[in-house]
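Input: a single structure, listed below in structure tokens.
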Amino acid sequence: MDVGDVVVVGGGQAGFQVCVSLRDNGFTGKLTLVCGERVPPYQRPPLSKSFLYGDADLPFRPDDFYPQHRIDVVERSATGIDRIEHKVHLDDGRQLPYHRLVLATGAYPRLLNLPGSRLRGVTALRTLADAEILKGQLETSRRLVVIGGGFIGLEVAAAARKLDVPVTVIESLSRTMARAVSIQMSTHLTQEHGRQGTTVLVGRSVTAFDGDASGRVTKVVLDDGSRLEADLVVVGVGVAPDTELAAGAGLKVDNGVVVDEYLRTEDETIYAIGDCASYPSAHSGGQRVRLESVQNAVDHAHCAAANICGKPTRYTAVPWFWSDQYGIKLQIAGISTGCDQTVVAGDPEAGKFSVFCFRQGKLIAVESANKPADHVLARRLLAGDPDLTPQEVATPGFDLKARPKPPVG
Amino acid sequence: MAKITYKSFDGTTTIVDVPAGRSVMRGAVANGIAGILAECGGGATCGTCHVYIDEDNTVPLPPMLDLEDELLEVTASERKDNSRLGCQMPVSEDMDGLVVHMPERQL
């Protein structure tokens, strides 16, 4: 089937996947992928993990994949959208006509606006270019301070410990990964960081950075007036959706580009997917969510591609997330917002357990540490109407694998 | 480098040169071979790079660790004695000639 030209802006996981999925769905028209990072699409997750201490095989596909599938990769930035003429403007003056436009513009790291935050050695991590710089600096760093005890911060800390770099993590909330996981999982992660030699300071925030005469960071100043030595600072305090193009084109923006359950903006020729999109989620009681994950990017892409190819598809996928820190594989299925009861099952002493999160007695999320089978089964359960009760999970010897298996797919 | 043969459920056969150190999973994904999803990117966390090792296999395979063993219990297609996860098999020169079969479904 053919709907004319499709232009995709953003060469991250979502933008890449929507191109692949369009071709998989039989789309034969002209397909252009605008990659503002000036490199063909690559995997981002290893950048805060294995890439920093070893080798990582990052490109999604070999370079010849794109011409073979008639995907025109344009390594330029989009500067505007003309919704009347149906054209995307590029920074080299070119204009790309579209019948359907997919915004997969992602997110960018939040920066700290504090005295000294522009000093050399104070860095954020999002792109391959950021990761290459950080990797080089980690080789010689003797004192790393990570600001933010979320996914990126803790993963970078774990990678730095593999390189034997002394690390302190500073988290302004009362515990690590407070927005993402339960207190039980948070405690487990923080304890492991302690065992591995990382210092984690919670309930502390940064007020300034000191530098030397050459303009390089030397100390991090905390809100209690204390100073931590640092020759490298990684700021991992979250990301903000890149909504500039959408807002400039008059599309509705509210913590992300606002889309409906078909991932369409109010302009029916324009879709938004991945980190930049705010959509109504069945797994969050119909509330709008904006998620930053590979799963969200990939499943959004599948859904938008189907819709563009004339197969109306609502977005219903169960959200899931993962992180690797030292030997802990953390996996989260579902969204735990509003959780009012947690039950732990498995063997926390051995580091193999899951936290089952309930809201008003109903299962809404499962966090697993080195229990991948629980995670896979939890995703299947959450895709339907989970019948698991807190009482059942609390029964001694409870094992999700021993229950009748939830249906696949 | 090792030649790996991927046989999809519908019978399509694809032979790929996979560089040593890459996984059997990456060998498939990087060449756009359908039938191996690898949703998690290769961390033994999702179970969507499930393959069956050919019954007549003679090449040596890397050992199976606990996480892989656990995930194979919950794969979307039935676990068999010859089930493995592609992401947990880094390719070495002596795996040249490996044949893997893709299951009916990964999700």
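The values are calculated or read from the model by the stated rules, or taken from the named source; none is laboratory data. Keep in mind the model is a prediction, meaning the values are calculated, not measured. Note: ideal-geometry Cβ built from the backbone for every residue, glycine included; neighbour counts use all protein chains shown. The protein model used for the area step is the full one, side chains on, heavy atoms only, and it has no ligands, DNA or RNA in it. Shrake-Rupley method; radii C 1.70, N 1.55, O 1.52, S 1.80 Å.
List of remarks:
- Test: A:Gly256 is under 21 Å from the mean Cα position of the chain (by Cα), open to solvent by less than 40 Å² (accessible area, probe 1.4 Å) and under 28 Å from A:Leu114 (Cβ atoms): yes
- Residues located in region A:157-171, provided they are open to solvent by less than 10 Å² (accessible area, probe 1.4 Å) and either assigned to a helix (DSSP H, G or I) or among the basic types (Lys, Arg) (or both): A:Ala157, A:Ala158, A:Ala159, A:Ala160
- Among the residues examined, A:Ser174 qualifies as at pLDDT 95 or above, in a loop (DSSP other than H, G, I, E, B) and either over 20 Å from the mean Cα position of the chain (by Cα) or not hydrophobic (A, V, I, L, M, F, W, C) (or both).
- Filter result for A:Leu154 (surrounded by 24 or more Cβ atoms within 10 Å (Cβ to Cβ) and either of a type in the set (D, E, K, R) or within 24 Å of A:Val257 (Cα to Cα) (or both)): no
- Scope region B:1-55; condition on the phi > 0 side of the Ramachandran plot, free of Cβ contacts under 8 Å to residues at least 60 places away in the same chain and open to solvent by 20 Å² or more (accessible area, probe 1.4 Å); matching residues: B:Gly11, B:Gly32, B:Gly41, B:Gly42
- Candidate set: region A:298-325, residues that are in contact with a helix residue (DSSP H, G or I) (Cβ under 6 Å, 6 or more places away or on another chain) and in a strand (DSSP E or B); chosen: the one nearest to A:Ala159 (Cα to Cα): A:Gln325
- One residue from A:Arg110, A:Arg126, A:Arg175, A:Arg118 being without any contact (Cβ under 8 Å) to a residue 60 or more places away in the chain and within 30 Å of A:Ala246 (Cα to Cα): A:Arg118
- Flag for A:Val8 being closer than 20 Å to A:Gly310 by Cα and either touching a helix residue (DSSP H, G or I) at 6+ places or on another chain (Cβ under 9 Å) or in a strand (DSSP E or B) (or both): yes
- In region A:292-314, of all residues being in contact with a strand residue (DSSP E or B) (Cβ under 8 Å, 6 or more places away or on another chain) and more than 14 Å from chain B (Cβ to nearest Cβ), the one that is most open to solvent (accessible area, probe 1.4 Å) corresponds to A:Glu292.
- Residue among A:Gly26, A:Gly36, A:Gly15 that alone is within 25 Å of A:Tyr108 (Cα to Cα) and part of a loop (DSSP other than H, G, I, E, B): A:Gly36
- Within region A:7-47, if we keep just the residues that are within 12 Å of chain B (Cβ to nearest Cβ) and of a type in the set (Lys, Arg), the residue that is most open to solvent (accessible area, probe 1.4 Å) turns out to be A:Arg44.
- Among the residues of region A:48-102, just one is more than 13 Å from chain B (Cβ to nearest Cβ), in a helix (DSSP H, G or I) and among the hydrophobic types (A, V, I, L, M, F, W, C), namely A:Leu52.
- Listed by first and then second residue, the pairs linking a residue in region A:213-230 that is within 15 Å of A:Glu171 (Cα to Cα) to a residue that is aromatic (Phe, Trp, Tyr) and open to solvent by less than 30 Å² (accessible area, probe 1.4 Å), with Cβ atoms under 7 Å apart and 6 or more places separating them unless they lie on different chains, are A:Val220/A:Phe209; A:Val221/A:Phe209.
- Qualifying residue in region B:38-48 (condition: more than 14 Å from every other protein chain (Cβ to nearest Cβ) and farther than 22 Å from A:Leu400 by Cβ): no
- Filter result for B:Ile33 (under 26 Å from A:Tyr42 (Cβ atoms) and more than 9 Å from every other protein chain (Cβ to nearest Cβ)): yes
- Here A:Gly106, A:Gly93 are screened, and the one residue that is buried (at least 17 other Cβ atoms within 10 Å of the Cβ) and of a type in the set (Gly, Ala, Ser) is A:Gly106.
- Every residue from region A:70-95 that is within 30 Å of B:Val18 (Cα to Cα) and over 27 Å from the mean Cα position of the chain (by Cα): A:Arg70
- Selection count where residues are within 13 Å of another protein chain (Cβ to nearest Cβ), open to solvent by 60 Å² or more (accessible area, probe 1.4 Å) and not in a helix (DSSP H, G or I), scope region A:350-382: 1
- Note on region A:383-409: among residues that are of a type in the set (A, V, I, L, M, F, W, C) and within 14 Å of chain B (Cβ to nearest Cβ), the one that is surrounded by the fewest Cβ atoms within 10 Å (Cβ to Cβ) is A:Ala402.
- Considering region B:56-67, the residues that are open to solvent by less than 40 Å² (accessible area, probe 1.4 Å) and more than 9 Å from chain A (Cβ to nearest Cβ) include one that is nearest to the chain's Cα centre (by Cα), namely B:Pro62.
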